[in-house]
Amino acid sequence: MNFWIETEQEADGRWIAEVPAIPGALVYAPTREEAIARVKALALRIIADRVENMEPVPETDELFSVAV
C-alpha cells in the first residue's frame, strides 16, 4: 500500500498537498514540506475515523491480518 501525494504551489505562494485516494485529504501550508507533513497526518486521521466508524477503507484492506 502506498498513497500518492500531489503538491502544487499557488500564485500567492502557499502550497497545496492532497492524497487523491482519500477524499477530504487536502491541506494548505506555507511550505511544501509542511503541506506534505500535514496531509500525511490528515490522511491518517481520516483513515482512523473510518475504521472506528466501521466504514469501508479499501485502500488498507491488506494492512492488517487477523489471527484465527
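Each reported figure results from applying straightforward, stated rules to the coordinates on display, with no laboratory input. Note that the structure is a prediction, hence the values are computed from the model and not measured. Reconstructed Cβ throughout: ideal geometry from the backbone, glycine too, with neighbour counts over all protein chains shown.
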Study note, to complete from the structure: Checked against (1) among the aliphatic types (A, V, I, L, M); (2) within 19 Å of Met1 (Cβ to Cβ); (3) in contact with a strand residue (DSSP E or B) (Cβ under 9 Å, 6 or more places away or on another chain), Leu26 satisfies every condition except (2)
Point to revise | In the range 18-59, the residues that are surrounded by 14 or more Cβ atoms within 10 Å (Cβ to Cβ), within 12 Å of the chain's Cα centre (by Cα) and not hydrophobic (A, V, I, L, M, F, W, C) | key: Glu18, Arg38, Lys40, Glu59
**Study point:** Enumeration of residues in the range 23-34 that are closer than 22 Å to Pro56 by Cβ and either without any contact (Cβ under 8 Å) to a residue 12 or more places away in the chain or in a loop (DSSP other than H, G, I, E, B) (or both)
**Key:** Pro23, Gly24, Ala25
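So that you can scan it fast, the table gives a plain yes or no per residue for (1) in a loop (DSSP other than H, G, I, E, B); (2) under 16 Å from Val57 (Cα atoms):
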| residue | (1), (2) |
| --- | --- |
| Met1 | yes, yes |
| Asp12 | yes, no |
| Ile16 | no, no |
| Ala21 | yes, yes |
| Ile36 | no, no |
